[in-house]
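Okay, so here's the structure we're looking at.
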Amino acid sequence: MLTAIVIAVHVVVSLLLILLILLHSGRGGGLSDMFGGVGTVAAGSTVVERNLDRITVATAVIFAFTTVALALRL
């Protein structure tokens, strides 16, 4: 039962991680240009990009945790 829940979370997180990585900008452009560069700060990166980075890192940590949990469980 617990393994099925971890597998379901792992699948959802992996699809979300793929989506978040594809939203990141390559060389110039990306998510910030989709919204016209609104919300820029002095550092050059937008608030949207910084939040996207934080969400991606959190999702990657959850993905790593579920991967280890599945490896130890199976």
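Give the calculated FRET efficiency between residue 15 and residue 73 to the nearest 0.05, with a Förster radius of 25 Å applied to their Cβ-Cβ distance. The calculated FRET efficiency here is 0.75. Summarising the amide proton neighbourhood of residue 25: residues at separation of 5 or more, or on other chains, whose placed amide H is nearer than 5 Å comprise 31.
Computed from phi, the 3J(HN,Hα) profile of segment 5-17 under the Karplus parametrisation 6.51, -1.76, 1.60 (θ = phi - 60°) reads 5, 5, 5, 4, 5, 4, 5, 5, 5, 5, 5, 5, 5 Hz, with x in place of Gly and Pro.
Bear in mind that the values in this text are calculations on the coordinates, not laboratory data. Computed from a predicted model, the values in this text were never measured in an experiment. Here the Cβ is made from the backbone with ideal geometry for all residues, glycine too, and neighbour counts use every protein chain on show.
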